[in-house]
Amino acid sequence: MRAQASLEFMLIGSAVAAMALFLVGFYSRNLFSQASALASAARMPANLSYPEPFFLFNYSPATTTAYAASYAYITNASESVGYGLSPPEYVTNLTQFSHCTYHGFYGNRFGVQGQCGTSNAWDYIAGYDCASTGAYCIIPHDTGYAVDRLNGSRSYSYNFTLVIGSPAGRMMSQISSVRGSSPVVLSGNEVGSASVSSVSSTDAEPSISLLQYLANYSVANQTYLSAYSQQKSVLYPMLAFYNNTGVDSSTQEIIEQSIGAFSSAQLHLVSGSAQVPQCAVVGNSYTCAAASPFLYLINVTLSPGAGVQNQTFYYLGSVINVRS
């Protein structure tokens, strides 16, 4: 019985082993067949393809090639600075006369108009060689001269040629302070516009005042002008303070000394200012040729067809923005 059982066990084991070998072989053949099929698909001819969406073949984008400009500079520049002038300060001299004080019917003393014959005067009342006091009249007169002082403002006048180098050739624009915008021209064709958005100058303001007589100008002598201005600033308030009032002899002496000093300063000013100014007076400006190049901010706008990239150039302190 024990030998029979062992034999049966061996038979069952052999059957199981045979079945396993069969399954391994079967799956191996299937895998080989699949691998062969994939290999064949990989070796398919290259001219076999699937249809593609039509837009992938028919789209042709429009392109514009933009090149860098090679240079930009300013040439043929004519530049001048106008220094603003304050309203003219007229130079005056003084006329004096005196007489016995005038009184009205009831004994009241006349005012400045009655004593001097004009309201544009000062007077003071002091001792005089008459029964009563005397009236001393001081009347200012215009000499025809005037002092023009610079007021710190500036204006700029300019005319120049802007040149921009591009692959298509030289572009040029004639820019002027009298025009807001100027055309940019390439080979006779307008391809854009250029304008100055700001301008400045490093030139120092002249340290002068002008003496004007009719339409003629000279440089005011600064020493004489300072003395004239100082004497005037002392005398005029004094005359206003004592106007139509009585003064004693010591005060009268001070007034007369101040009038004399002012008159002397005025004569020195108008006779001692003969130097011809280096610049011209144009309107209300003292206009001088620029001593150094102006500093500009220039904006250039080109048409897309010009084929120039957006760039910024720097030339002698000026900034030139090129845009398209």
> How big is D, in µm² s⁻¹, for segment 114-157 by Stokes-Einstein at 4 °C and 1.567 mPa s if Rh is the Kirkwood radius over C-alpha pairs?
Replying inline: 89 µm²/s
> From a point 7 Å beyond the Cα of Ser207 in the direction of its Cβ, which residues of segment 146-184 have a backbone N at a distance under 13 Å?
Replying inline: none
> What are the semi-axes of the equivalent ellipsoid of segment 131-272, taken as the square roots of 5 times the eigenvalues of the Cα gyration tensor, listed largest first and rounded to whole Å?
Replying inline: 61, 14, 12
> Simple spin-label model, 7 Å along Cα-to-Cβ: Ser86 to Ser193 in nm?
Replying inline: 4.1 nm
> Once you put a point 7 Å from the Cα of Ala131 and another 7 Å from the Cα of Ala168, both along the Cβ direction, what distance in nm separates them?
Replying inline: 10.2 nm
> Which percent of Cα pairs goes in each bin when the distances of segment 235-324 are cut into 5 angstrom slices starting at zero?
Replying inline: 3, 9, 10, 8, 8, 7, 7, 7, 6, 6, 5, 5, 5, 5, 4, 3, 2, 1, 0
> How large, in percent, is the carbon and sulfur part of the accessible surface of segment 122-198 at a probe radius of 1.4 Å?
Replying inline: 48 percent
>> For a Förster distance of 30 Å, can you work out the FRET efficiency between the beta-carbons of Ala261 and Phe97, rounded to the nearest 0.05?
In response: 0.95
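The values are calculated or read from the model by the stated rules, or taken from the named source; none is laboratory data. Bear in mind the structure is a predicted one, so any value in this text is a computation, not a measurement. Positions of Cβ are generated from backbone atoms using ideal geometry, with glycine treated the same way; all protein chains shown enter the neighbour counts. Just so you know, the surface numbers come from the protein's heavy atoms only, side chains and all, with ligands and any DNA or RNA stripped out. Shrake-Rupley method; radii C 1.70, N 1.55, O 1.52, S 1.80 Å.
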